[in-house]
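A quick write-up on the structure given underneath.
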Amino acid sequence: MARRKADRPVRWAARVVAASVALAVTTAIVALSFGLIAVRFVGLDAYVVQGAPTESMVPIGSLVLVAPVSHGAIAAIDQDDNGDATAAPAIGTAWVAIPTLGYAVTYAQSYSPPIVIGLVTWILFLITMRALAPHFSSARRPLPA
């Protein structure tokens, strides 16, 4: 068997695996992005724990979904602080904390816009190439009547 024919199954498998991994990563990033939009649409805020005082309660890298504070609670907090500038802002009540999902959310927030732009550009490129494919042929075609 010739060497060239022996390499084809390996190249085919590598292409299939690479395409599958790329599709899985892109799907995960887009799903996380839509998930964050849905969470904000419901009225919750999403925060990623990156250390500091909350580290003892919630592990670093956790995604924390927070219910907003009511306006009455904000007024009560303002009266208790007596104008103390060092007081922490009123964030809300932690609704749920999901460990290690914060890393993926941070990645998705950082890289989803370029990936979406790249996907849109690639799809437009493919549509253009399909539309122009008849014009790229070098074979002689009969002229229209």
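The values are calculated or read from the model by the stated rules, or taken from the named source; none is laboratory data. Computed from a predicted model, the values in this text were never measured in an experiment. In this analysis, Cβ positions are derived from the backbone assuming ideal geometry, glycine residues included, and neighbour counts consider all displayed protein chains. Side chains included, ligands, DNA and RNA excluded: accessible areas come from the protein's heavy atoms. Shrake-Rupley method; radii C 1.70, N 1.55, O 1.52, S 1.80 Å.
Conditions (1) open to solvent by 70 Å² or more (accessible area, probe 1.4 Å); (2) among the small types (G, A, S); (3) modelled with pLDDT under 75, marked per residue:
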{"position": "V21", "(1), (2), (3)": "yes, no, no"}
{"position": "T26", "(1), (2), (3)": "no, no, no"}
{"position": "A31", "(1), (2), (3)": "no, yes, no"}
{"position": "R40", "(1), (2), (3)": "yes, no, no"}
{"position": "G61", "(1), (2), (3)": "no, yes, no"}
{"position": "N82", "(1), (2), (3)": "yes, no, yes"}
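Please verify whether R15 is at negative phi and modelled with pLDDT of 80 or more, treating the condition exactly as stated. So R15 passes the test.
Residues of segment 12-46 that are closer than 25 Å to I115 by Cβ, more than 15 Å from the chain's Cα centre (by Cα) and not in a helix (DSSP H, G or I): L44, D45. Quickly run through segment 99-116 and pick out the residues that are on the phi < 0 side of the Ramachandran plot and open to solvent by 60 Å² or more (accessible area, probe 1.4 Å). Answer for segment 99-116, where residues must be on the phi < 0 side of the Ramachandran plot and open to solvent by 60 Å² or more (accessible area, probe 1.4 Å): P99, Y103, Y107, Q109, S110, Y111, P113, P114, V116.
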